[in-house]
Amino acid sequence: MDQPGTVLAERIGDRRRGVGDPRALVGEMRRSILLVPTVGERLWSARLGGVRWIYAFTDEAALARFALHHASGDQAMDYAALLGARIVDEIVPSLGEPAGLAVDVATEDGSMFFPPVVGIVPEAVAVDVGEAGEERS
């Protein structure tokens with residue numbers, strides 16, 4: 001049986017090599033179960049470039065690479081297993097600030113950022129939508 005985000009990790013690899021359909025990548029992210037580190041009851045995230053990025057991982061090996069640099073000592077890193085669609089459709093809008101999804105950030109040549117834009121997050125919280133609701137180009 002495949003790990004939760006194995007297909008997503010493969011699609012990320014394809015896009016990083018310049019092949020594959022970006023829409024299929026977003027669709028796969030939405031269908032994938034992602035492992036999101038937690039700190040208490042909060043999801044692990046960081047602000048960069050005016051965006052809050054929720055960290056998520058396609059499997060326990062990718063999460064372990066992240067934990068090596070960010071966990072304290074030999075303590076296990078707690079995480080939640082969440083559907084990608086739930087993260088971008090429910091959690092991102094609840095944050096009240098521009099937010100996106102950073103997948104496999106500790107995987108060299110295997111990370112992918114899903115920014116807060118139309119087609120990834122709901123239009124109401126997308127940064128590329130004007131005040132009247134039209135997309136900015």
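The values are calculated or read from the model by the stated rules, or taken from the named source; none is laboratory data. What you are looking at is a predicted structure, and each value in this text was computed from that prediction instead of being measured. Cβ atoms come from the backbone with ideal geometry, glycine included; neighbour counts cover every protein chain shown.
Surrounded by fewer than 17 Cβ atoms within 10 Å (Cβ to Cβ), at pLDDT 95 or above and either closer than 25 Å to residue 21 by Cβ or of a type outside the set (Asp, Glu) (or both): which single residue out of 93, 98, 116 fits that description?
On the way: 98 fails: surrounded by fewer than 17 Cβ atoms within 10 Å (Cβ to Cβ); 116 fails: surrounded by fewer than 17 Cβ atoms within 10 Å (Cβ to Cβ).
Sole residue among the options that is surrounded by fewer than 17 Cβ atoms within 10 Å (Cβ to Cβ), at pLDDT 95 or above and either closer than 25 Å to residue 21 by Cβ or of a type outside the set (Asp, Glu) (or both): 93.
Out of segment 44-69, which residues are of a type in the set (Val, Ile, Thr) and part of a strand (DSSP E or B)?
Within segment 44-69, 51, 54 qualify.
For segment 3-24, check the following and say yes or no: at least one residue is closer than 21 Å to residue 108 by Cα, among the hydroxyl-bearing types (Ser, Thr, Tyr) and exposed (fewer than 15 other Cβ atoms within 10 Å of the Cβ).
Quick first cut of segment 3-24, residues closer than 21 Å to residue 108 by Cα only: 3-20, 22.
Subset that is among the hydroxyl-bearing types (Ser, Thr, Tyr): 6.
Narrowing the set further to residues that are exposed (fewer than 15 other Cβ atoms within 10 Å of the Cβ) leaves 6.
Yes, there is a match, as at least one residue in segment 3-24 is closer than 21 Å to residue 108 by Cα, among the hydroxyl-bearing types (Ser, Thr, Tyr) and exposed (fewer than 15 other Cβ atoms within 10 Å of the Cβ).
Kindly indicate which of 90, 97 is acidic (Asp, Glu) and either in a helix (DSSP H, G or I) or in contact with a helix residue (DSSP H, G or I) (Cβ under 7 Å, 6 or more places away or on another chain) (or both).
90
Checking the structure you have, find out if any residue of segment 26-43 is in a helix (DSSP H, G or I), in contact (Cβ under 8 Å) with a residue 40 or more places away in the chain and of a type in the set (A, V, I, L, M, F, W, C).
The answer is yes; a qualifying residue exists.
Would you mind stating whether residue 86 is surrounded by fewer than 18 Cβ atoms within 10 Å (Cβ to Cβ) and of a type in the set (D, E, K, R)?
Yes: the conditions hold for residue 86.
Restricting to segment 43-59, and then to whatever is of a type in the set (Val, Ile, Thr) and surrounded by 19 or more Cβ atoms within 10 Å (Cβ to Cβ), can you tell me which residue is nearest to the chain's Cα centre (by Cα)?
Going residue by residue through segment 43-59, those that are of a type in the set (Val, Ile, Thr) are 51, 54, 58.
Those still in the list that are surrounded by 19 or more Cβ atoms within 10 Å (Cβ to Cβ) too: 54, 58.
Numbers: 54: 6, 58: 9 Å.
Going through the qualifying residues, I end up with 54.
Matching residues to (1) touching a residue at least 40 places away in the same chain (Cβ under 8 Å); (2) within 14 Å of residue 45 (Cα to Cα):
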| residue | (1), (2) |
| --- | --- |
| 58 | yes, no |
| 70 | no, yes |
| 80 | yes, yes |
| 104 | yes, yes |
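Let me confirm something: among 89, 21, 14, which residue is within 23 Å of residue 124 (Cβ to Cβ) and out of contact with any strand residue (DSSP E or B) (no Cβ under 7 Å at 6 or more places or on another chain)? Quick ask: steps written out before the conclusion?
On the way: 21 fails: within 23 Å of residue 124 (Cβ to Cβ); 14 fails: within 23 Å of residue 124 (Cβ to Cβ).
Every option except 89 fails the conditions.
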